[in-house]
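What follows is one structure encoded as structure tokens, with my remarks underneath.
Where a number appears in this text, it was derived from the coordinates with a stated rule and is not lab data. The shown structure was predicted, so the numbers you read here are calculated from the model rather than taken from an experiment. Neighbour counts are summed over all protein chains in view; Cβ atoms, including those assigned to glycine, are modelled from backbone coordinates with ideal geometry.
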Amino acid sequence: MRRKFLLLLETGLVLAGLCLGASAWKIHSALEQPLNITQEELLDVPKGTTPTRTFYRLEADGVIKDAFWLRVYWRFNLAGQPLHKGEYRMQPGMTVESLIDLWKRGEMVQYSLTLVEGWNFHQVRLALAKDEKLEQTLNGLSDSEVMDRLGHPGIFPEGRFFPDTYRFVRGMTDAELLKKAYDRLDEVLAKEWGQRAADVPYTEPYQALIMASLVEKETGVPQERGQIAGVFVRRMEMGMLLQTDPTVIYGLGDRYNGKLTRAHLKEPTPYNTYVIAGLPPTPIAMVGREAIHAALNPVAGNSLYFVARGDGSHVFSDDLDAHNNAVREFQLKRRADYRSSPAPVTAPEATNEPAPVPAASPDTAPEALPPVTPQEPVQPPAQEPTQEPTQEPAEEPAKEPAAAPAPEPDATAPQSPQ
């Protein structure tokens, strides 16, 4: 009896070994099989999709065989491994094991979206809405509802996002990308605030952000940012009006048609710095790190005026007489190719180069900026995103921002500290 039991046990062990060996062989064969594709294809893994469902979907599409054995392999070897949502690049000749390695590394196809310095929030939302790779969750929401969705209720959105090229995977939402840009602005502003000059006239970072937006919109040549910031800061300290065109344009909202008139300069809005003293109530555009640095570290000097040469650069003047002479030379005798800023450069197109999803920044996130309640902020003009906003010269002899209204020939423009 004992011999029979031992014989049965031995037979069972042999059969079990054979089954395990056959299973191991089947799993090995399933892993080593090449994908049945003749050209590159993208495998889209939606949010919440399991490896099992993905294996069976690939089998139904004829890309792989033996989905059952691959399911067994995943369950016993990679049970705790998540399958990240996104797209995975499948190449001819790639094996199933290579594809699983992509899943394990989270090596999804990545795309990019560039938010450009000087854009207003309306332009940012247009760019997000046009990107088909992003999951759209903000369409139909007001700006305030968008900020609620981002977890920042009561915050006015203009200028609160950092212009940069953001990489993302298919399935990321527009809100997730926008939150990255918001957090990045907070991080950059906090760092620059900690390195500010000792005598800047701001009591909080938000004021510096507003000033940086004026500098951003006025700067055609990058190296002039500090000089332009210096003009604005000196005017503030002397009680002079800032008198900068972009604030007038922003205050006009969608009524701005590309031409700025003297009537516009006199029209009272919360943003018109020809009428209001000091800074406008909110930023008027997104700003880069360089504009923030310039606002917090303005270049010292005596200049109180500047006028565009027509090639994107400016002539800076210490007094009104010198400024009026520059206006006559560069504004009243404009050349045919006159520009107040350099010619626009086409914004980078979205790419889909594969790259591992970057890890989160190890830096400690700074505290959120203080909320602001602007005085009836005016919505910016509804215009398509462009590398830099178009600003045609005034109908009458154009004045340059941070300067008195341009004089008629042989006339002295009025200007007095407030």
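So for the stretch 114-330, taking the charge dipole from beta-carbon charges (+1 Lys/Arg, -1 Asp/Glu), which of 150, 175, 189 sits furthest toward the positive end?
175
Taking Cα centroids, how far is the stretch 267-327 from the stretch 18-86 in Å?
Cα centroid of the stretch 267-327 versus Cα centroid of the stretch 18-86: 61 Å apart.
Which order do peptides 209-215, 192-198 fall in by mean Cβ count within 10 Å, highest first?
Working: 209-215: 27.1, 192-198: 12.9.
Highest to lowest by the protection proxy: 209-215, 192-198.
Quick one: what are the phi-derived ³J(HN,Hα) couplings along the stretch 310-320, Karplus 6.51/-1.76/1.60 with θ = phi - 60°, whole Hz, x for glycine and proline?
These are the phi-based 3J(HN,Hα) values: x, 10, x, 8, 10, 9, 9, 10, 8, 9, 5 Hz.
Hey, rough spin-label estimate for residue 28 and residue 76, points 7 angstrom out along Cα→Cβ, what's it come to in nanometres?
1.4 nm
For the stretch 220-337, state what percent of all Cα-Cα pairs lands in each successive 10 Å bin, counting from 0 Å until the bin that includes the largest distance.
13, 39, 41, 7
Suppose the Debye formula is applied to equal point scatterers at every Cα of the stretch 114-330; what is log10 I(q)/I(0) at q = 0.14, 0.15, 0.17 Å⁻¹?
Taking Cα atoms of the stretch 114-330 as identical point scatterers yields -0.89, -1.01, -1.24.
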